[in-house]
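Everything below concerns the one structure shown next.
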Amino acid sequence: MLDPELLEQTTARRAELDEVRAERDELAVAGRVLERMGEQLADERATAVPAPGQVGGQGVMLIPHRAPGVEDAALPTDYQRILAAVGQAAGPLMARQGGEVVGVDVSVRAKLEPLRGKLVRLADRGRLRKLPDGRFTTRL
């Protein structure tokens, strides 16, 4: 006959192994679920169109990235005017020159900086090209 203490240790060890196996199976299932969710999220991100958002309870204007099928008409009017001004310019232009074309009071720096921010935002979204010297031009 087996020693009762040895039998008790063996039984306890088998119970621990059963728990480890159950946890391993749960982790395998969780891994498969995460993989599927990751694939779904990647698909959703690939087809998602940016929607208006909110920051601090305030509505913010999202400027979509340049992509096939996303027309300039999807932009707010002031951004469309900026793109038209840059497109009609004889060459690359500075923010001040763009402000003169779209009717911004360029003598007041506080009115020029928002325009510069919009130009940079358009460049960041691939709709304009910012040159190293700070001038902006259309994308080819």
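The values are calculated or read from the model by the stated rules, or taken from the named source; none is laboratory data. Here the structure is a predicted model, which means the values were calculated and not measured. For neighbour counting, all protein chains shown are included, and Cβ atoms are generated from backbone atoms with ideal geometry for every residue, glycine included. Accessible surface is based on the protein model in full, side chains and every heavy atom, while ligands, DNA and RNA are left aside. Shrake-Rupley method; radii C 1.70, N 1.55, O 1.52, S 1.80 Å.
Assorted remarks:
- Share of carbon and sulfur in the accessible heavy-atom surface of the range 73-123 [1.4 Å probe, %]: 52 percent
- Rounded to 10°, Cα long-axis angle of helix 109-124 versus longest principal axis of the chain: 50 degrees
- Relative protection proxy for 99-112, 16-29, from highest mean packing down: 99-112, 16-29 (other beta-carbon atoms within 10 angstrom).
- Placing +1 on each Lys and Arg Cβ and -1 on each Asp and Glu Cβ, with no other charges, gives the chain a dipole about its Cα centre of roughly 1660 debye.
- Its DSSP H runs of at least 4 residues, each contributing -39,500 (n - 2.57), put the calculated 222 nm mean residue ellipticity of the chain at -19500 deg cm²/dmol, to the nearest 500.
- Its Kirkwood hydrodynamic radius, worked out from the mean inverse distance over all distinct Cα pairs, puts the chain at 20.2 Å.
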